[in-house]
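Engineer: For reference, the structure I am asking about is given below.
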Amino acid sequence: MTLPASASEAILTQDLEPTDSEGLGLSGHLQETVERTVRPVPDRYRNAMGKYQLRRSTDCQNCGNCAAICPEGVHVKPEGYAYVLRPKDHLCIGPSCAETSHYCVDECPKQALQLLRNPSVDCMGDPRWTADLILSTWHMAETGHAPRNLEHRHGASGGGFDRLRFDFPESPSPIDPDAVDTSIELNRRSDGRPSVRIDLPVYGGGMSFGSVSIHTIVGKARAAAAWNIFSCTGEGGFPDRLKPYDDHMITQVATGLFGVREDTIQRVRIVEFKYAQGAKPGLGGHLLGDKNTPAVARMREAVAGNALFSPFPFHSVYSVEDHKKHLDWIKQINPRTLVSVKVSTPTDVDMVAVGSYYAGAHIIHLDGSYGGTGAAPDIAKKNIAMPIEYAIAKVHKFLVAEGIRDSVTLIVSGGARTAHDVMKAIALGADGVVIGTAEMVALGCVRCACCESGRGCPRGIASTDPELMRLMTLDWATQRLINLLSAWREQMVDMLVRLGLPSVQALRGRSDLLYYLDDERAEP
Amino acid sequence: MSHHVERLLSTRSNVYRDGPNAETSKAAEEGGCGVTGFACTVPVGGKFIYEPSVQMQNRGNGKGGGIAASGLVPEQLGIDQATLDSHYLLQIALLDPNAHKEVERDHVLPYFDIATSTRQPHIADHRDIAGLDVRPPDIQRYAVRVKPDVLAKFASENGLSGMSERALEDEFVWRNSFKLNDAFYASLGEKRAFVLSHARDLLVFKMVGYAEQNVQYYQLEDFKAHVWIAHQRYPTKGRVWHPGGAHPFVGVNEALVHNGDFANYHSVSEYLRQRNIRQQFLTDTEVSVQLFDLWDRVYGYPLEYIIEALAPTTELDFDQLPPEKQRIYRQIQATHIHASPDGPWFFIIARSQKEQGRLQLLGITDTAMLRPQVFALSDSGEVQIGLICSEKQAIDATLRSLSREDPRFCATADKYWNARGGSSSDGGAFIFTVAGENGSKRLTCADKFGRPVKVEVAGVRCDVAHPESIPELTTDVEEWLRSGNSNAVFHHVVKHIDGWPAGALRDFCNRVLEAARTPKVMPTAIEAMTLLYDRRYDTGSKRRSTVLQVIDDTLCALFDACPTCGQPGEGQYRRIDWDSRHQILAPAPSERVLIIDAARFPPEGDECDACYQRSAFELGWRRFIVYRLRGQRFTGVGLGPATDGVRFDTYGSSGDYLASGMDGEEIFVHGNAQDQVGQIAKRGKLVIHGDVGQTFMYGAKGADVFVLGNAAGRPLINAVGRPRVVINGTCLDFLAESFMAGEPTEGGGFVILNGIEFDSKGQLVPLAAPYPGSNLFSLASGGAIYIRDPHRRVVEQQLNGGVFSAITDRDWRLIRTYLEENERHFGIKIDDLLTSEGRRLAPEQVYRKVHAVKLAVLAAATEKKS
């Protein structure tokens, strides 16, 4: 089935008139309020994947005992049903259940149940994004809470954040969990521009319309509105459907300048210059011809079906003084906006950061090498930029020595997968973290790394194909992301309480609270 | 390599401290910076390098600024001409004043015969100069020759006997300074002293501050020289800076300033280390001058080959060289490519060539032309001056300040141009040479290949102070003005100016000013003067640059005559300037145009004139005239999308990022425009009565644009949507790379490139090549270029993805509309465009279309398979 072009167009332009609004945004457009409430939102496929599988043999008499005893909701026999439903495997906590009194396998009067490891799980993920991490991200997006019996804190890459652990003190100073402050200020320049405070030390990274679907983009924006954080347009224009979330959008100005107009710069509170991406420094951007559908091409005002290149670097910026002029330009267009400068992590990243600060940036955004989706070439992802954990510490220390650390906000990205990664990055010296892949996983990404090919994502996340993008609804996407962030905040608060710290700000630069896993110090 | 060269390089080991030849990495990152320089037939004071330096302050951050002067006045140094000609001026910066005795004991007294030893005067307290936080070094200057016995010993010890005395002495001086720097600078944590310069007839000053602060601190306002260069530095590493890292850097008899950043510093320094040349200050600029010194003084290469080694000729340009040159260049490239700086760079070099009896000022740009650069030449008949600069407005500032104090100078240059890096046409470099006896010095200008650059020097100056009455003038002028006939006024001047006496134009203009006291006449007066300023016409016996100067003065006087907000006055004009900027009021019903005197407004930031334009726009003003622009940026920026009916007219040196983001408004630039103009432009109209700088309309989405002259490098890169642009001149290179602007005949975008210029008589003449660059329309997927090329000079090789095709009727109907408007703006007749060598041709014989074809590398996979 191919949808007529007008149908896909409708998805794009259909303006959601906000029912509940918090007043006008910078652009004068009514801003929608999105409720910050966790609601369970199941996987959009009928049988969600779990780490384990429960097999029910034909011996089952449908007595309903399993449904009665399972506190996880794996077995369900609805009122009036003669049969027990197919087990919801993904809720099962696995073999450790055997130690409890409600282990269905043992309790089944007919021994009709068998617990197995799901073989599909072994085919999924990679050491950085392990199957456990993918499943636990799904779990958080579904329930709003961290899973039990899934390793949701770190991956198994043997490097980076996976080698860092917090050293939780045995008796931390008492902290009231309800009073823990997870907000951060993004404007520390005291230059007369407005204060911008976000409720979590996290916001969403730039993904263009073209690289991902409109539901993905708007879902990200709505979740950002709910949590009073930000999402970013990426370099593909500012679809009209984002207007109700202007106050929570970042307009990205990248080297192709696609979709960048005065109008899109003036309506937002933060403008981000993308100089480079940590996943592919020096390579610019590249949208393959297949993903450049007529709708995408219209948004970028380019020719459909042709690959679209964002050059490297900005043709108008070959020096730090050009860079300052570039920032001055954006500030001239929008006198109220903050300016963020996104750079990758070369060996002299510290100098780049200081140069950006003196050029007038409010936010320095370091993008390290672990990030990037399927569209970034492996050779680049794995070999060019400096791992982010090195870059954070290097830049933080340099800014401190320069005496300007408290006048600039340091945001980092590139492989922050979990709430623990976020907290580690902050302990190393960042103020906050930008996430990308974690949001995609919350929407059902399986990390197949086919983002760029053909019509794009088989799960309809990173695709503008009119058929594929209908694989999820906007409300579903929004709620999954709200839930994920809620689960992350719970974990952040929990960690801060265990560390005896009243706020995420107090954690910044406390690398003394981390230790490195090596031969001398293994995991407890 | 000759025996001497080899010996000379190898025995430099004698000055290196023991220890391995350590690998070096750059000590500091620095960015673009601002560079400027000029060479003049008469010596002028340091205050004239002060002006352009101030203009370019925003290209530095006050963490390093320096100047160099060459062609000095002996009396001001307390020596005679013979001593100035023969002696080295050893100029030592004493960061630690107590180091003086040691430096002198160890590095001066034992080796040199000293003619004079003086301390450079300076103002008592550096803090009296606003913003100068770090105390500049004391400077001790010696005029010296190497003692004959020392030199003889040096020759024999190093096996260099037989080299010419001067070459030996140069090398001795170089090595002695290296040792001094090593002992008192490079090896120390606490820097104590270093050699600023050690040339004949050339001095360098530098400090942790802005370039112009050297002039103030060392009291050089009236210190005269024929050649001046200056540099604003923008270093970004660390909190502690030393003046040693500031530019200029010296070889022996040259000083070099640099704007840019090398990606291959390591490779270049490795090349130098293989030739036994080590680094002390660890900056790009130091290795640059080391390369120059190596190729010039040690290898004895001609200047052309040095420039080729720095900026290799490539692509189509290489193919266009004569075979003999290709053979030589190929060898130069093969030998020295690792030393060729990679990345954006632009050098300005001042050199004193005493043996040849001349001074030189060089500007060299990189092959990819990644840094802005403007050259200018002015010849008033009495004095000649050549200028090189990052920005045109700094050139204008220099000339303005010179002409203010010395009427022999003209405030406007006769010729402004850009170099095309690594090209076969000019080689990307120009050299100004001042030679001849004192009092009768002449300035010549030539490109890399030695081809002279000339300006029309004949003609009467009409920028005289005293008006002379005009014989034929009746009261017509006032009548024309009253009746709104600006064209009649324009044509009257064009017709008669040839026969007028020198002061007549002044008189004419004064009458216009007089008539414009009547508010109703003002719009026509402005219109007429603007026409006279914009259009190219035969100025007959009068020097064009001086005609323009008088017209410009008159326009300023007309604008000045308009009442400021709050002043009593009638008419449709209101004016604000820096002092009255807070008094902007909403326009009264009769008031239509807000005139902004941009002088004294900062070029950017919260107090720049563009901010006041925006507040005026919010108050209801829709028409703006901005004049006395001195490089102020962002004109027409930030007004947002609903700007239909808004119009700007700019006079003076408009700044970077003009019209960047325009969405509906109309902007008319009277004169040249600068860099980054029209970026992301969406809708509206932009008319530039002159040239435009780098990355013009980068990422543009639309707008109708007309450029009278040339665009520099990279115009219309990544443009999408429907930008429609007429460029009457040409571009340096990379026009419309990755152009994605749909189908021109179906509402998409295009560029019409006419490849013409005006001769001194105001007649259209075709350029030698309508498009000289090697890259046209590369990787484009939409839009088209319509190029005027009756002789089919543009070849396939220049395209990278596009194809030629004949223009159709549909194409012609489309572009004719734009050429008609082009005619209205600039007076360039379609008939003239369609005429080649006296023959009127059909459109398809004159214009060619370059359009996109589907490239395999760009196409969708599904299409590739089919």
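The values are calculated or read from the model by the stated rules, or taken from the named source; none is laboratory data. As the structure is a computational prediction, the values presented were derived from the model and not from experiment. All Cβ positions, glycine included, derive from the backbone under ideal geometry; neighbour counts span all protein chains shown. In case anyone asks, the SASA skips ligands and DNA or RNA and just uses the protein heavy atoms, side chains included. Shrake-Rupley method; radii C 1.70, N 1.55, O 1.52, S 1.80 Å.
Engineer: At q = 0.12, 0.17, 0.19, 0.24 Å⁻¹, what log₁₀ I(q)/I(0) does a Debye calculation on the Cα points of segment A:47-124 give, no solvent, two decimals?
Structural biologist: -0.30, -0.61, -0.76, -1.18
Engineer: I would also like to ask the following. Using DSSP to define loop residues, name the chymotrypsin sites (Phe, Trp or Tyr not before Pro) in segment B:383-480 whose beta-carbon has at most 16 other beta-carbon atoms within 10 Å.
Structural biologist: Here the chymotrypsin sites (Phe, Trp or Tyr not before Pro) that fit, given the DSSP loop and packing criteria, are B:449.
Engineer: Also: Could you give the accessible area per residue of the protein assembly as shown, probe 1.4 Å, as a whole number in Å²?
Structural biologist: Per residue, the protein assembly as shown has 35 Å² of solvent-accessible surface.
Engineer: Shifting gears a bit: Can you compute log10 of I(q)/I(0) for segment B:65-215 with the Debye formula, treating each Cα as one identical point scatterer, at q = 0.15, 0.16, 0.19 Å⁻¹?
Structural biologist: Normalising to I(0) and taking log10 leaves -0.81, -0.92, -1.22.
Engineer: Toward the positive end of the charge dipole of chain A, about the Cα centre and with charges on Cβ (Lys, Arg +1; Asp, Glu -1), which of A:445, A:391, A:38 goes farthest?
Structural biologist: A:445
Engineer: Based on the Kirkwood radius over alpha-carbon pairs, what value in µm²/s does the Stokes-Einstein equation return for the translational diffusion coefficient of segment B:481-606 at 37 °C and 0.692 mPa s?
Structural biologist: 208 µm²/s
Engineer: Compactness ratio of segment A:159-236: Cα Rg over 2.2 N^0.38 Å, N = residue count?
Structural biologist: Here the answer is 1.51, to two decimals.
Engineer: List the residues, sorted by chain then number, that are 5 or more residues from residue B:836 or on another chain and whose placed amide H is less than 5 Å from its amide H.
Structural biologist: Amide H neighbours of residue B:836, under 5 Å, 5+ apart: B:841.
Engineer: On a C-alpha basis, how far is the centre of segment A:486-518 from the centre of segment A:369-410 in Å? Whole number, if you could?
Structural biologist: What the calculation gives is 20 Å, centre to centre.
Engineer: Still on this structure, please answer the following. On average over all directions, what projected area in square nanometres does chain A have, based on the convex hull of its Cα atoms?
Structural biologist: 26.4 nm²
Engineer: Still on this structure: In Å², nearest 100, what accessible area do chains B and A bury in total when the solvent probe is 1.4 Å?
Structural biologist: 4600 Å²
Engineer: Shape verdict for segment B:670-797, please, from the Cα gyration tensor: rounded (a/c under 1.5), prolate (a/b greater than b/c) or oblate.
Structural biologist: oblate
Engineer: Further question: What angle do you read, to the nearest 10 degrees and between 0 and 90, between the alpha-carbon axis of helix B:323-336 and the longest principal axis of chain B?
Structural biologist: For helix B:323-336, the angle is close to 60 degrees.
Engineer: While we're here: Taking only DSSP H segments of four or more residues, each worth -39500 (n - 2.57), what value at 222 nm results for chain B once the sum is divided by all its residues, to the nearest 500 deg cm²/dmol?
Structural biologist: Only helices count here, giving -7500 deg cm²/dmol.
Engineer: Determine the shielding of peptide B:440-453 by partner chains: average, over its residues, the number of Cβ atoms on other chains within 10 angstrom of each Cβ.
Structural biologist: Mean shielding by partner chains, rounded to a whole number: 0.
Engineer: While we're here: Just in segment B:166-266: which GluC sites (Glu not before Pro) are loop by DSSP and have at most 16 other Cβ atoms within 10 Å?
Structural biologist: Those that pass, being in a loop and sparsely packed, are B:190, B:221.
Engineer: If you average the alpha carbon positions of segment A:258-322 and of segment B:572-635, how far apart do those two centres end up, in angstrom?
Structural biologist: Taking the Cα centre of each part, segment A:258-322 and segment B:572-635 sit 33 Å apart.
Engineer: If you don't mind, there's one more thing I want to ask. Filter the trypsin sites (Lys or Arg not before Pro) in segment A:36-67 down to the DSSP loop ones having no more than 13 other Cβ atoms within 10 Å, then list what survives.
Structural biologist: A:46
Engineer: Tell me, what is a quarter of the convex hull surface for the C-alpha atoms of chain B, in nm² with one decimal?
Structural biologist: That works out to 39.0 nm², a quarter of the Cα hull's surface.
Engineer: To continue, here is another question. Evaluated at 4 °C with a viscosity of 1.567 mPa s, what Stokes-Einstein diffusion coefficient in µm²/s does segment A:119-199 have when Rh comes from the Kirkwood expression over alpha-carbon pairs?
Structural biologist: Taking Rh from Cα pairs, D becomes 79 µm²/s.
Engineer: If you don't mind, another one. Which of the three applies to segment B:163-314, rounded, prolate or oblate, going by the alpha-carbon gyration tensor with a ≥ b ≥ c and a/c under 1.5 meaning rounded?
Structural biologist: Here segment B:163-314 falls in the rounded category.
Engineer: Do any residues of segment B:30-77 lose at least 50 Å² of accessible area when the full set of protein chains is present rather than just their chain alone, and if so which, with a 1.4 Å probe?
Structural biologist: Residues meeting the cut-off: there are none.
Engineer: Now for a different question. Could you pull out the pairs from A:342/A:382; A:51/A:88; A:291/B:854; A:324/B:392; A:51/A:110 whose alpha carbons sit more than 21 Å apart here?
Structural biologist: A:51/A:110
Engineer: If I compute solvent accessible area with a 1.4 Å probe over the protein chains, what percent of it on the protein assembly as shown is carbon and sulfur?
Structural biologist: Carbon with sulfur: 50 percent of the solvent-accessible area.
Engineer: At a 1.4 Å probe, which residues in segment B:717-741 are at least 30 Å² less accessible with all protein chains present than in their chain isolated?
Structural biologist: Residues losing area: B:718, B:720, B:740.
Engineer: For chain A, which span is the longest to avoid every loop-located (per DSSP) member of GluC sites (Glu not before Pro) having at most 16 other Cβ atoms inside 10 Å?
Structural biologist: The answer is A:171-466.
Engineer: Quick one: what are the phi-derived ³J(HN,Hα) couplings along segment B:165-173, Karplus 6.51/-1.76/1.60 with θ = phi - 60°, whole Hz, x for glycine and proline?
Structural biologist: With coefficients 6.51, -1.76 and 1.60, one gets 3, 5, 4, 4, 5, 4, 5, 4, 4 Hz.
Engineer: Further question on the same structure: List for segment B:592-618: residues with 30 Å² or greater reduction in accessible area, all protein chains versus chain alone, probe 1.4 Å?
Structural biologist: By number: B:604, B:614.
Engineer: Kindly write out, for segment A:287-303 in residue order, the coupling ³J(HN,Hα) from the Karplus curve 6.51 cos²θ - 1.76 cosθ + 1.60 (θ = phi - 60°), rounded to whole Hz, with x marking Gly and Pro.
Structural biologist: Whole-Hz 3J(HN,Hα) from phi for segment A:287-303: 9, 5, x, 4, 7, 7, 6, x, 5, 5, 4, 5, 4, 9, 6, 10, 9.
Engineer: Go through segment B:90-106 residue by residue and turn each phi into a ³J(HN,Hα) via Karplus (6.51, -1.76, 1.60, θ = phi - 60°); whole Hz please, and just put x for glycine and proline.
Structural biologist: Result, ordered by residue: 8, 10, 10, 8, 9, 5, 10, x, 6, 6, 3, 4, 5, 4, 5, 5, 8 Hz.
Engineer: Amide H of residue A:30 versus every other amide H placed in the peptide plane: which residues, excluding those fewer than 5 positions away on the same chain, fall under 5 Å?
Structural biologist: Close amide H contacts, sequence-distant or interchain: A:25.
Engineer: Separate question: Averaged over its residues, how many other protein chain Cβ atoms are within 10 Å of peptide A:253-266's Cβ atoms?
Structural biologist: Whole-number average of other-chain Cβ neighbours for A:253-266 is 6.
Engineer: What span do the alpha-carbon atoms of segment B:631-722 cover on each of the three principal axes, reported in whole Å from largest to smallest?
Structural biologist: 28, 28, 20
Engineer: Hey, could you get me the Stokes-Einstein D for segment B:265-310, Kirkwood radius over alpha-carbon pairs, 37 °C and 0.692 mPa s, rounded to whole µm² s⁻¹?
Structural biologist: Calculated translational D: 306 µm²/s.
Engineer: Moving to a separate point now. May I have the pair-distance distribution P(r) for the protein assembly as shown, computed from all Cα-Cα distances with 10 Å bins from 0 and rounded to whole percent?
Structural biologist: 1, 8, 15, 19, 19, 16, 11, 6, 3, 1, 1, 0, 0
Engineer: If I fit a long axis through the Cα atoms of helix B:392-405 and take the longest principal axis of the Cα atoms of chain B, what angle between them do I get, 0 to 90°, rounded to 10?
Structural biologist: 80 degrees
Engineer: For a label point 7 angstrom out from the Cα of residue B:166 toward its Cβ, which stretches of segment B:119-157 have the backbone nitrogen within less than 16 Å?
Structural biologist: Correct set: B:145-146.
Engineer: Checking the table B:191/B:224; B:415/B:761; B:495/B:761; A:274/B:701; B:701/B:849 against a 24 Å threshold on Cα-Cα, which pairs fail?
Structural biologist: B:191/B:224
Engineer: Using only the alpha-carbon atoms, how far is helix B:522-534 inclined from the longest principal axis of chain B? Give it as 0 to 90 degrees, nearest 10.
Structural biologist: The angle comes out near 50 degrees.
Engineer: I would also like to ask the following. Quote the convex hull volume per residue of segment A:353-439, based on C-alpha atoms, as a whole number of Å³.
Structural biologist: 96 Å³
Engineer: Would you calculate the convex hull of the Cα atoms in segment B:384-533 and tell me its volume per residue in Å³?
Structural biologist: For segment B:384-533, the hull spanned by Cα atoms encloses 159 Å³ per residue.
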